[in-house]
Structure formats: structure tokens, C-alpha cells
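**Student:** Sharing a structure, written as C-alpha cells. Questions coming.
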Amino acid sequence: MSVWRKRLVDGYNSFKKGDYVDQKALYEKLGTHGQNPDIMLIACADSRVDPTDIFDAYPGEMFVARNVANIVPPAGNDEAFHGTLAAIEYAVTVLEVDVIVILGHESCGGIAGCLAGMGDTDNAGFVGSWVSILNEAKNKLVADNPHADDLQFKMELEGIRQSMRNLMTYPFVTDAIEAGKLTLQGAHFGIVNARLLLADENWEFEEV
Ligand SMILES: [Zn+2]
């Protein structure tokens with residue numbers, strides 16, 4: 001058996017004998033009656049940042065979409081297929097979640113790639129094209145902070161803010177916010193110290 005297959009099977013067996021037994025009634029309820037999460041999380045695909053781990057969530061509690069650098073593209077960006085937008089639309093219009101949390105993180109490779117100019121050229125591949133969504137925010141940040149030695153951290157926060165701004169370009173999002181049914185929340189996770197920052201009403205980040 002390959003190493004990865006053994007890892008999947010061993011992990012599954014451990015889950016089936018452990019967490020599943022503890023949460024059997026919950027799984028049966030969710031499987032029978034469907035999901036009804038109040039929270040949507042948009043997180044990075046980075047293997048070190050597991051949102052359900054960080055927020056100690058149980059199955060059915062958080063609707064999670066993960067992509068490179070936890071980015072939400074703006075409306076009208078292109079004609080491509082957008083899995084992230086499909087998840088957001090479903091969460092807001094069908095599940096009617098109370099909040100969309102954009103969860104950024106320390107030492108994000110997608111943000112580093114954006115800062116390094118990955119999205120500045122044509123033929124940059126899917127990753128370069130994807131992180132170029134943040135180019136305008138990146139160019140402004142770099143111009144405003146010519147001598148900063150913490151551009152990576154600043155850009156991680158700015159990427160979260162840009163995705164929150166981009167969320168506001170969708171009428172189904174702004175309609176839900178104006179109706180008082182939806183809130184947007186920025187968050188940043190520090191991997192080394194597990195430090196959590198949450199954005200305030202002015203989208204400035206404060207440690208929890
Ligand atoms: Zn990342």
C-alpha cells in the first residue's frame with residue numbers, strides 16, 4: 001500500500017473509532033436533515049491553516065471554502081468558472097449564513113508570490129493569474145510603504161481587506177448586509193504563536 005493510501009485509511013479508521021463514535025448522533029442528524037451552518041469561512045489552502053481546527057468547530061458548524069491566499073475575486077473580473085464565488089453565493093442565498101469570515105495567515109505563499117510579482121506578467125500560470133487579483137492593492141501598499149520591513153504581514157492584512165471589498169461588489173452580498181442578515185469579518189492567524197487577529201469596524205486588526 002502506498003504511503004499516502006495507508007495514511008488515508010489509518011486516519012479514517014482512527015476517525016471512525018474516535019470522533020465519529022463521539023459525534024454519531026450529530027452525523028446522523030446532519031446526514032438526514034442537511035446542514036445549517038451560521039458561519040462561512042474563506043481560508044487559504046495552506047496545509048498549516050485548518051479553520052475548523054483553529055476555531056474548534058464541530059461538523060456542520062462552518063461552511064468552508066479554501067483557495068490560494070483566501071482571495072475573493074471582484075465581480076466582472078472575467079468569464080472563468082469560479083468555485084469560490086459559487087460557494088459564497090450558496091452560503092449567502094441558500095444557507096443564509098450570518099457572517100463571512102475571510103481568514104488570512106502568517107507566511108502565506110500566495111501573498112509572497114503576489115509581492116514577488118508573480119501576477120505581474122502574462123503566462124504566469126493559474127497561481128500568478130489568481131494572485132494578480134490583489135495586484136492593485138499590492139501596488140498601492142508598496143507605493144505607500146517604500147521602506148517597510150513587514151510588507152508580507154501588511155499585504156496579508158491588505159489581501160483580507162481587498163477580498164472584503166470585493167465581496168461588496170456582489171448585489172446578493174450587499175443586499176444581505178443592508179437587510180441586517182449578513183456581516184463580513186476579517187481575521188488573521190499567526191502560525192508560530194497561534195495568534196488570532198480580528199478586524200474591527202474600520203477593518204483595522206486587533207489581537208483577540
Ligand atoms: Zn496562504
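**Student:** Name the one entry in L85, L26, L95, L115 that is outside the structural domain of F189 (by TED's automatic domain parsing) and farther than 21 Å from R195 by Cα.
**Tutor:** Working: L85 fails: outside the structural domain of F189 (by TED's automatic domain parsing); L95 fails: outside the structural domain of F189 (by TED's automatic domain parsing); L115 fails: outside the structural domain of F189 (by TED's automatic domain parsing).
Going through L85, L26, L95, L115 in turn, just one is outside the structural domain of F189 (by TED's automatic domain parsing) and farther than 21 Å from R195 by Cα: L26.
**Student:** Name the residue that is farthest from the chain's Cα centre (by Cα), counting only residues in region 163-180 that are of a type in the set (S, T, N, Q), assigned to a helix (DSSP H, G or I) and over 17 Å from H105 (Cβ atoms). Walk me through how you get there before you give the answer.
**Tutor:** Applying the first criterion (of a type in the set (S, T, N, Q)) to region 163-180 yields 163, 166, 169, 174.
From what's left, assigned to a helix (DSSP H, G or I): 163, 166, 174.
Pick out the ones that are also over 17 Å from H105 (Cβ atoms) and you get 166, 174.
On the way: N166: 13, T174: 19 Å.
Out of the qualifying residues, it is T174.
**Student:** Would region 130-144 turn up any residue that is among the hydroxyl-bearing types (S, T, Y) and either more than 22 Å from E89 (Cα to Cα) or surrounded by fewer than 13 Cβ atoms within 10 Å (Cβ to Cβ) (or both)? Spell out how you get there, then give the answer.
**Tutor:** Initial filter on region 130-144 (among the hydroxyl-bearing types (S, T, Y)): 132.
If we keep only those that are either more than 22 Å from E89 (Cα to Cα) or surrounded by fewer than 13 Cβ atoms within 10 Å (Cβ to Cβ) (or both) as well, we get 132.
Yes - at least one qualifying residue is present in region 130-144.
**Student:** Tell me, which residue of region 128-162 that is within 16 Å of the chain's Cα centre (by Cα) and among the β-branched types (V, I, T) is farthest from the ligand (Cβ to nearest atom)?
**Tutor:** Of everything passing the filter in region 128-162, I133 is farthest from the ligand (Cβ to nearest atom).
**Student:** Tell me which residues, restricted to region 139-162, are among the aliphatic types (A, V, I, L, M) and assigned to a loop (DSSP other than H, G, I, E, B). Please lay out each step first, then the result.
**Tutor:** Within region 139-162, the subset among the aliphatic types (A, V, I, L, M) is 141-143, 148, 151, 155, 157, 160.
The answer is A148, and nothing else.
**Student:** Here's something else I'd like to know. Identify all residues within region 6-61 that are on the phi > 0 side of the Ramachandran plot and touching a helix residue (DSSP H, G or I) at 6+ places or on another chain (Cβ under 9 Å); write none if there are none.
**Tutor:** So the first thing to find is which residues in region 6-61 are on the phi > 0 side of the Ramachandran plot, and the list is 34, 56, 60.
Hit for region 6-61 is G60, nothing else.
**Student:** If you go through region 181-200, how many residues are in a loop (DSSP other than H, G, I, E, B) and either under 14 Å from the mean Cα position of the chain (by Cα) or without any contact (Cβ under 8 Å) to a residue 40 or more places away in the chain (or both)? Steps first, answer last, please.
**Tutor:** Applying the first criterion (in a loop (DSSP other than H, G, I, E, B)) to region 181-200 yields 181-182, 191-194, 200.
Keeping just the survivors that are either under 14 Å from the mean Cα position of the chain (by Cα) or without any contact (Cβ under 8 Å) to a residue 40 or more places away in the chain (or both) gives 193, 200.
Total meeting the criteria: 2.
**Student:** Are any residues in region 26-54 more than 18 Å from I100 (Cβ to Cβ), of a type in the set (D, E) and away from the ligand (no atom under 16 Å from the Cβ), and if so, which ones?
**Tutor:** Within region 26-54, E28 is the sole residue that qualifies.
**Student:** Which residues, counting only those in region 55-85, are of a type in the set (A, V, I, L, M), modelled with pLDDT of 95 or more, more than 16 Å from the ligand (Cβ to nearest atom) and more than 20 Å from K181 (Cβ to Cβ)?
**Tutor:** Residue satisfying the conditions is A57 alone.
**Student:** Can you confirm whether D53 is free of Cβ contacts under 8 Å to residues at least 12 places away in the same chain, assigned by TED's automatic domain parsing to the domain that holds F189 and assigned to a helix (DSSP H, G or I)? First the steps, then the outcome.
**Tutor:** On the way: free of Cβ contacts under 8 Å to residues at least 12 places away in the same chain: yes; assigned by TED's automatic domain parsing to the domain that holds F189: yes; assigned to a helix (DSSP H, G or I): yes.
Yes.
**Student:** Next up: Report, ordered by the first and then the second residue, all pairs with beta carbons closer than 9 Å, sequence separation of six or more or different chains, a first member in region 161-174 that is surrounded by fewer than 17 Cβ atoms within 10 Å (Cβ to Cβ), and a second member that is part of a helix (DSSP H, G or I) and of a type outside the set (S, T, Y).
**Tutor:** Pairs that qualify, where the first residue is surrounded by fewer than 17 Cβ atoms within 10 Å (Cβ to Cβ) and the partner is part of a helix (DSSP H, G or I) and of a type outside the set (S, T, Y), are R165/A137; M168/I177; F172/I88; F172/E89; F172/V92; T174/L167.
The values are calculated or read from the model by the stated rules, or taken from the named source; none is laboratory data. Keep in mind that what you see is a predicted model, and the values were worked out from it rather than measured. Cβ: placed from backbone, ideal geometry, glycine included. Neighbour counts: every protein chain shown.
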